[in-house]
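These notes concern the structure reproduced below.
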Amino acid sequence: MSKTMKPNRTYLFIIISSIALAIVLVIQCNWILQTARIKEKVFNDNANMVLSKTAEALHTDQDMFSRLQISLQQSEADKIDSLLKHYMQVYNIHINYNFEVTPAPASINNISGFVLNNKANKEGAYQACISGDAKQNSVDLMLTFPDKEAFIRAEMGIPFITSVILIFLVLVMSWHTVHSLVKEKRISEQTTEFLNNMTHEFKTPLTNIALAGKMLEKEVQPFLHDKGKRYSEIILQENEKLRLQVEHMLGMAALERGELPMDKREVDMHQLIHDALKTMSIQIEGLQGSVKHELEAERFTVRGDKVHLTNVLCNLVDNAIKYAKDKPDIVIHTSNDGSDLILSVSDNGVGIEKEHQSKVFDKFFRVSSGDVHDVKGFGLGLAYVKKIVELHGGSIRLRSRKGNGATFTIVLPYV
């Protein structure tokens, strides 16, 4: 189940993001459509007002109305066109239009006044029926706008264009993000698999080197001079260092997959600190360094894996030794805060610049000077520390200033 946890989270993120994006796009498209409907309604209302005012003016001019019943002459057409232009200016309609005057259907010839459609008909024409007195036949005045759709889009203006562009950009960027995420995930999985295979391949030759070194130490070393004995010891020491690095990388891979076994029991952290420092005392004394204990916590028992918690402390102390300016001066302090045990490791090292502090817990990250790394290692120590602390329900933070050392503070719930 743990093996599929991360892939599931990745795909769940993609699904949720896609759903959220789809909802946003639907809302945005709905907003555009609603805006278009509102603009169209305003246009229809204004067009009907133009037609209404023009029809009313024609209805009151009985002489002209009588001439319209016979035929539409140029003078009458110019008069109607003049009225339409006037009212279009009044109602802020500035697009091309066409109009037509035709006899009205017989069914409405007995209606006095004029009848106005409240919207465009299927052919896109706005229509008003104009009647004279009861003895006169009615006529229809029809008004059409060939560029109506373009006018409405123009009325929507910059917000409409911006929305369309943003929708397009969001779709493109979302596709690119998902594509990149899937690609990076695949590369990460392939890299992890390669490192696992590579480190496993190292284990057999390292074991053989260790066996050969021990045989050399047992059977040949008595006959070697001092320099030869020293070379034999170096082979075994360096082989052990490389073996530990390989085990560390395998442990990190197992930790990433959630397969690292944990034997959680009650652990006395003060005793663990004393025991861990015993194993590192020779290294510290060899550098003429010092370790100061300030174990002030009244409750210092936590539930955890003793081996991994020891490794956490040793990693932090080892970091303090590596990055010491000259002689390492290390302070280990414990205290209580509510229901938590606070454990901090401070040093007098070179410190860490603020821009790097958010990355120090990333795998393979190491602070460097130019292109040359100051300290040897794979950059896995602090990543391992953070993972182990989190698996124990705790947290870790860093406080540091360039040139003034660093303090790593671990917060763990006590029992």
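The values are calculated or read from the model by the stated rules, or taken from the named source; none is laboratory data. As the structure is a computational prediction, the values presented were derived from the model and not from experiment. Here the Cβ is made from the backbone with ideal geometry for all residues, glycine too, and neighbour counts use every protein chain on show.
Computed values, structure above
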read-out: All positions within region 265-294 that are of a type in the set (A, V, I, L, M, F, W, C) and either more than 19 Å from Ala324 (Cβ to Cβ) or in contact with a helix residue (DSSP H, G or I) (Cβ under 9 Å, 6 or more places away or on another chain) (or both); value: Val267, Met269, Leu272, Ile273, Ala276, Leu277, Met280, Ile284, Leu287, Val291
read-out: Test for Ser346: is it of a type in the set (S, T, N, Q) and closer than 14 Å to Leu398 by Cβ; value: yes
read-out: Unmet requirement for Pro261, which otherwise passes all of (1) surrounded by 13 or more Cβ atoms within 10 Å (Cβ to Cβ); (2) assigned to a loop (DSSP other than H, G, I, E, B); value: (1)
read-out: Flag for Thr192 being among the polar types (S, T, N, Q), part of a helix (DSSP H, G or I), modelled with pLDDT of 75 or more and not assigned by TED's automatic domain parsing to the domain that holds Arg37; value: no
read-out: Residue match in region 157-173 (condition: among the aromatic types (Phe, Trp, Tyr), loosely packed, with under 14 Cβ neighbours inside 10 Å, within 56 Å of the chain's Cα centre (by Cα) and modelled with pLDDT of 80 or more); value: yes
read-out: Count of region 277-306 residues which are within 25 Å of Val415 (Cβ to Cβ) and of a type outside the set (A, V, I, L, M, F, W, C); value: 11
read-out: Members of region 335-355 found to be over 29 Å from Asp263 (Cβ atoms) and crowded, with 17+ Cβ neighbours inside 10 Å, listed by number; value: Ser346, Asp347, Asn348, Gly349, Val350, Gly351, Ile352
read-out: When residues of region 237-258 are limited to those that are surrounded by fewer than 16 Cβ atoms within 10 Å (Cβ to Cβ) and farther than 22 Å from Phe365 by Cα, the one modelled with the highest pLDDT; value: Glu238
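Residue-by-condition table, conditions (1) in contact with a strand residue (DSSP E or B) (Cβ under 7 Å, 6 or more places away or on another chain); (2) buried (at least 19 other Cβ atoms within 10 Å of the Cβ); (3) more than 28 Å from Ile352 (Cβ to Cβ); (4) at pLDDT 85 or above:
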position: Thr279; (1), (2), (3), (4): no, no, no, no
position: Lys292; (1), (2), (3), (4): yes, no, no, yes
position: Leu313; (1), (2), (3), (4): no, yes, no, yes
position: Asn319; (1), (2), (3), (4): no, yes, no, yes
position: Lys325; (1), (2), (3), (4): yes, no, no, no
position: His333; (1), (2), (3), (4): yes, no, no, yes
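Yes or no, residue by residue, for (1) in contact with a Lys or Arg (Cβ under 7 Å, 6 or more places away or on another chain); (2) outside the structural domain of Arg303 (by TED's automatic domain parsing); (3) modelled with pLDDT of 90 or more:
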site: Val350; (1), (2), (3): yes, no, no
site: Arg399; (1), (2), (3): no, no, yes
site: Lys402; (1), (2), (3): no, no, no
site: Thr409; (1), (2), (3): yes, no, yes
